[in-house]
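The values are calculated or read from the model by the stated rules, or taken from the named source; none is laboratory data. Predicted model only: the values in this text are computed from it and were never measured. Counting neighbours? That spans all protein chains shown, and the Cβs are built from the backbone with ideal geometry, glycine included. For accessibility, only protein heavy atoms count, side chains too; no ligands or nucleic acids. Shrake-Rupley method; radii C 1.70, N 1.55, O 1.52, S 1.80 Å.
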Amino acid sequence: MATPISLDSYGIHNVKVLRNLSAAELYEHAVKFDGAQISANGALCVYSGEKKGRSPKDKRVVDESTSRDDVWWGDINVPLSTSSFQKNRSRAIAYLNECERVYVVDAFAGWSPKDRIKVRIICSRPYHALFMSNMLIRPKPEELNQFGEPDYTVFNAGQKPADPAVDGVETTTSVALNFALGEFVILGTEYAGEMKKGVFTIMNYLLPKRGVLSMHCSANEGKKGDVSLFFGLSGTGKTTLSADPHRDLIGDDEHGWGDDGVFNIEGGCYAKCIDLSAKSEPEIYGAIRFGTVLENTVLDPTTRRVDFHDSSLTENTRASYPIEFIPHAKIPCTGRHPRNIVFLTCDAFGVLPPVSRLTPEQAMYHFISGYTAKVAGTEVGVTEPKPNFSACFGAPFLVWHPTVYAELLAQKMREHEVNAYLVNTGWSGGAYGTGSRMSLGYTRAVIDAIHNGALAAAPTIIDPVFGLATPSECSHVPSDILQPRNSWADGAAYDATAQKLAGLFAENFRKYEDVASPEIVGAGPKALAPA
């Protein structure tokens, strides 16, 4: 057991403080005190209560003088007064004082020694402690002994409802971040992902202050040390395409890009596991063993085997495990400056090419846009794709205005001569309902051609609507697929759909035009004005 510490300075007294327990100890506590079960493959199966996903509408950032002028205020960063934060904090501390035992995890965020921060998690559920022990970077014994005071403290009192009578708190859930105090308070949600994304939000604030770009992306490295970054929203193939048996995984979700190259912010992975199988995702499937937390999955009551196809509790079933559980993980999780950046989109309108080369200005435009499209539910008979724009491919976790991150991206791309590509893993030959989903084999061939440098040298054709430089040839990908208009049976229908999507891009980008430079605004699609 780690060196005992006192929590008296936080106002937490007379409770048993358990610091940095081992996975085995936390298993014992979770089974004995928290209703957890051990699956047949050795994972710890737990349940997050009523909330089985994040509560972004309940996130608040304290409006205080040290960070007020930095924060991108609005629907994502909703202000909370310092007095309301103190009421939430007092409520959390009062709850933790009522507990028989409190778990503490002291660990790091950021594999770059000069950019990492010390994080302390204080929670009441052993599963939350094991989860964050997996997700943060676990200190060596000597580092733990010399840990000292943390830079940020997370108070997880998720079993205690928030008080909607507090000004600025609208429901019984509240997730509140105070940059001046270095504190993050969770009430009314036991979903563990709130802690993970809370730490990421902190890093999204701190790293750009140091000239380091924080990124919601995955990263891998080739045999020659060449690094690729993959940005993409849910359903675009980010996890699948970055898990390459011929390349080492630096990280699957959160990274920084500083003066020395790329580094993972986390020490673990948080993978979706609905419909998981050894065939579809062998590395993730193999990582589910002793030490892994399975969140909201369903077990056979007798055999304790996990039914990964059972979504009766939630579609958002998750597995949390240390990154070293992945066979091709690179430890330490750092790499050189990237050679290639890939923006992944699942275009259900079927008009974006499977791959395009981007200029730095186009890269900034598409980074700020963060586009993909969702297909409407067939149960209501709707087949019209729905656009989904999420700034920097991670809007819920941004603190600064998106252009701050985009400017850092462009600066680093120019400085290190990085290639940027837009890769469409969505539809071809027509929109959803008419065309077909892009072959995974074609997409993998595109990614291989990016990695081996073939696409950087390939001849291109400029798309007249989107202005994208589209390669006219790519090994193992048919030429009519590369030029999407050629894959549509009805060219006029393609033109109309392309104009529609261009208009949606322009409409979304208007909210950034007051801050974005004319060069960035001009790098977007050219939608025709309505007749």
Of everything in region 409-436 that's within 30 Å of ARG336 (Cβ to Cβ) and more than 24 Å from the chain's Cα centre (by Cα), which residue is surrounded by the most Cβ atoms within 10 Å (Cβ to Cβ)?
HIS416
Would you pick out the residues in region 35-91 that are among the basic types (Lys, Arg), open to solvent by 60 Å² or more (accessible area, probe 1.4 Å) and in contact with a Phe, Trp or Tyr (Cβ under 8 Å, 6 or more places away or on another chain)?
ARG54
One residue is enough: does region 489-511 have a residue meeting the conditions touching a Phe, Trp or Tyr at 6+ places or on another chain (Cβ under 8 Å), under 16 Å from PHE349 (Cα atoms), open to solvent by less than 80 Å² (accessible area, probe 1.4 Å) and not in a helix (DSSP H, G or I)?
no
Top-ranked residue in region 316-340 [being aliphatic (A, V, I, L, M) and outside any loop (DSSP other than H, G, I, E, B); ranked as surrounded by the most Cβ atoms within 10 Å (Cβ to Cβ)]
ALA319
Under 6 Å between Cβ atoms, which residue pairs at least 6 apart in sequence (or on different chains) link something in region 301-322 that is without any contact (Cβ under 8 Å) to a residue 24 or more places away in the chain with a partner that is of a type in the set (Asp, Glu) and surrounded by 15 or more Cβ atoms within 10 Å (Cβ to Cβ)?
none
Mind checking whether some residue in region 350-364 is open to solvent by less than 20 Å² (accessible area, probe 1.4 Å), touching a helix residue (DSSP H, G or I) at 6+ places or on another chain (Cβ under 7 Å) and assigned to a helix (DSSP H, G or I)?
yes
Flag if THR240 is in contact with a helix residue (DSSP H, G or I) (Cβ under 8 Å, 6 or more places away or on another chain), part of a helix (DSSP H, G or I) and more than 30 Å from GLU25 (Cβ to Cβ):
yes
Using beta carbons and a limit of 7 Å, which pairs, at least six apart or on different chains, have the first residue in region 418-437 and touching a residue at least 12 places away in the same chain (Cβ under 8 Å) and the second one open to solvent by 30 Å² or more (accessible area, probe 1.4 Å) and small (Gly, Ala, Ser)?
ASN419/ALA456; TRP427/SER436; SER428/SER436; GLY429/SER436
Do any residues in region 36-65 that are without any contact (Cβ under 8 Å) to a residue 60 or more places away in the chain have Cβ atoms under 9 Å from those of residues that are hydrophobic (A, V, I, L, M, F, W, C) and part of a loop (DSSP other than H, G, I, E, B), where the two are at least six apart or on different chains, and which pairs are they?
ASP63/VAL71
Looking only at residues that are part of a helix (DSSP H, G or I) and open to solvent by 10 Å² or more (accessible area, probe 1.4 Å) in region 119-141, which one is farthest from ILE323 (Cα to Cα)?
PRO141
Just need a number here: residues in region 142-175 that are open to solvent by less than 60 Å² (accessible area, probe 1.4 Å) and either polar (S, T, N, Q) or outside any loop (DSSP other than H, G, I, E, B) (or both).
12
Select the strands (runs of 3 or more DSSP E) contained entirely in region 258-311, then report the ones holding at least 1 residues which are at pLDDT below 95 and out of contact with any Gly (no Cβ under 8 Å at 6 or more places or on another chain).
268-272
Taking region 227-237 only, how many residues are within 13 Å of CYS392 (Cα to Cα) and in a loop (DSSP other than H, G, I, E, B)?
1
Of (1) closer than 23 Å to GLY222 by Cα; (2) surrounded by 15 or more Cβ atoms within 10 Å (Cβ to Cβ), SER439 fails just (1)
Looking at (1) of a type outside the set (Gly, Ala, Ser); (2) at pLDDT below 95; (3) in a helix (DSSP H, G or I); (4) over 26 Å from the mean Cα position of the chain (by Cα), can you tell me which one LYS526 breaks?
(3)
